[in-house]
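Notes follow the structure.
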Amino acid sequence: MQELSLELPQGGLTALVGPSGCGKTTTLKMINRLIEPTSGRIEVEGREVHEVATHELRRGIGYVIQQTGLFPHKTIAANIATVPSLLGWSKERIKERTSELVDLVGLDPELLRRYPAELSGGQQQRVGVARALAANPPILLMDEPYSAVDPIVRARLQDELVALQHRVHKTIVLVTHDIDEAIKLADYIAILNVGGVLEQFGPPADLLRSPANEFVASFLGRERALKRMALLRVADVDLVTGPVVEVGASVDEAQKVMAEQGVDWIGLRDGDRLLGWAWSHDLDGASELRNVTTEPFRAWVRPSTALREALDLIVDSSTRVAAVFDDDDRYLGILTINQIADGMAK
Amino acid sequence: MLFGANGPNSFIWWDWVDRHRDLIKDATFEHLRLTLIAVVVGFLLSGLLSVIALRYRWTYAPITWVTGTLYTIPSLALFVLLVPWTGFTTLTAEIGLVSYTLLILIRNIVAGVDGVPAPLKEAADAMGYRPVRRFFEIDLRLATPAIVAGLRIATVTTIGLVTVTGLIGLGGYGGLIVDQGVNRNFFSTPIVVGATLSVAMAVVLDVGLAGVERLLTPWARRKVAS
């Protein structure tokens, strides 16, 4: 490996991604000194790693590996208790912590008495995470943690990691060869090339928007805009009022709005409640908008919805728009494909 | 006719067996004593040599070379050659018997520990295990099936070899065979009794050790098909 200089953000998940031979696992293992660098400095929490005894350093860094690396001869409870036992915790404290962890990673407490071989791949992976978190280390190293499980379980475990990270805020370093996994999970991505050359470092959305070079672009793969849409949220784009009028307005006004916006449907609202929408011909002969039968917006999203999901709903809807509501179901505005495109260009 | 009724040409004279119960009992204890000493001492010595071989890899080749050479010396010759130095004693018997266990046990212990998957050893290191504790809690525990397999072979082999020490006046069932059978114009009854009980002892101890292995490796029998 060549020279590599990286500062990993505290409390964030950084993914080290690259082709085989790029030294991503080597970099990870240098952090807990499973591999010793020939030169250079590595600091963890402000301390140079060589200033601390190796075993003490490692007990303060959680480690999750592919195939989980659980000890086959120890029960699940004993596996989870590995680092607390090494630290000499009392039995009661270990027991208490174990039940916390079982809850945190979503394991059935019944499994604690079993051996790893009796668990499914997904369950083993959860145990691996619980074991790594047992002594509550500030840092978590994960080396291809999901490479041994099937895609469906992998997706679920990834979602669980995101939810878990929301609760524990660890500084996580994740090594993966799967760029989509990195895009999905990471706050920051470091793309490494053969020999440990750092090609680009930054938030996934930044990399997708402006890859530093051809290597990064090809590594990120096709459909970069779509991938970025999966990261951006409805709240990131400006909404429009759209062809929506107050239910108290006149039929003429509604027709005027439709004409202005060049659409053949109208949305009706009552203050911050969106009542629904109707085709322009439904208005024919109606004296008051209040008497028009409306249909609810089937395509509706929250500010927290990913743009990619919103786009999917929009292209599938009759009106080609999605209504946006906040968590209290108050109407916020209309999202169109144009708004998404504008938001992406920002 | 092996276990047939008594007769001049019968292999087994049951009334001889009946009259020599104490002799047979003593031979059994003696056989067991010689076997257990050999296996226990051999296991301790092998453990020590294995740790050296594992810690300093360059010693493994010379250790297996020396123990391998010992293993190839014919047992009969070894016992007879030792008599001028150590006499007709238990020590003479045990020097030979222990020597024969070393190669089997060291091979199995070292192979067992080497066979523990590298990612597991690395995981243990990454958790913050220090070397000695890791060796006892991880490496050695996971090598248990291989080590017990070595112990079973060594035990069964030793039970057979103990019989040979009958030629230097010891030997448990060997003594029975030599003193009561061979030296009495090949009287067949003690020969058959000694051989049969020797085989029986080997079977009992082998099954016993298999049971010990089951007890020591509870994780191995609770696998579910998935």
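Laboratory data are not the source of any read-out in this text; all were calculated from the coordinates shown. Bear in mind that the values here come from a model prediction, so they are computed numbers and not experimental data. Reconstructed Cβ throughout: ideal geometry from the backbone, glycine too, with neighbour counts over all protein chains shown.
What to note about this one:
- Projected area averaged over orientations for chain A, convex hull of C-alpha atoms, nm²: 21.9
- DSSP finds beta bridges in region A:13-225, and of those with both partners inside it, around 25 percent are antiparallel.
- Comparing mean-square fluctuations of B:F136, B:F43, B:F11 from a GNM of chain B with C-alpha springs under 10 Å, the top value falls on B:F136.
- Exercise: per-residue mean of other protein chain Cβ atoms within 10 Å, A:72-84: 3
- Among A:S250, B:S99, B:S198, sorting on how many other beta-carbon atoms sit within 10 Å of each Cβ, with the fewest leading, yields A:S250, B:S99, B:S198.
- HN-Hα J in Hz across region A:99-111 - Karplus 6.51, -1.76, 1.60, θ = phi - 60°, x for Gly and Pro: 5, 4, 5, 4, 5, 4, 9, x, 9, 6, x, 4, 6
- For region A:13-225, the tally of Lys pairs with Cα-Cα distances below 27 Å comes to 11, considering only residues 8 or more apart or on different chains.
- Per-peptide packing, taken as the mean over residues of other Cβ atoms within 10 Å, places A:324-333, A:191-200 in the sequence A:191-200, A:324-333 from highest down.
- Amide H partners (placed H, <5 Å) of A:L13, local residues excluded: A:I172, A:D187, A:Y188
- Helix A:121-133 axis, angle to chain A major axis (alpha carbon atoms, nearest 10°): 70
- Antiparallel content of DSSP bridges confined to the protein assembly as shown, in %, to 5: 45
- Axis angle, to the nearest 10 degrees, between helix B:60-72 and the longest C-alpha principal axis of chain B: 10 degrees.
- Positive dipole terminus of chain B, leading residue within B:A61, B:I37, B:W85 (C-beta point charges): B:A61
- Counting, for every residue in B:114-126, the Cβ atoms of other protein chains within 10 Å of its Cβ and taking the mean gives 5.
- Its relative contact order, with pairs defined as Cα atoms under 8 Å and 6+ residues apart, puts region B:24-217 at 27 percent.
- Between A:R273 and A:R222, the distance separating the two model label sites (each 7 Å from Cα on the Cα→Cβ line) works out to 4.8 nm.
- Compared with the dominant principal axis of the Cα atoms in chain A, helix A:251-261 is inclined by about 50°.
- Debye-sum result for region B:24-217 in log10 I(q)/I(0), which assumes one identical scatterer on each alpha carbon, at q = 0.13, 0.15 Å⁻¹: -0.73, -0.91
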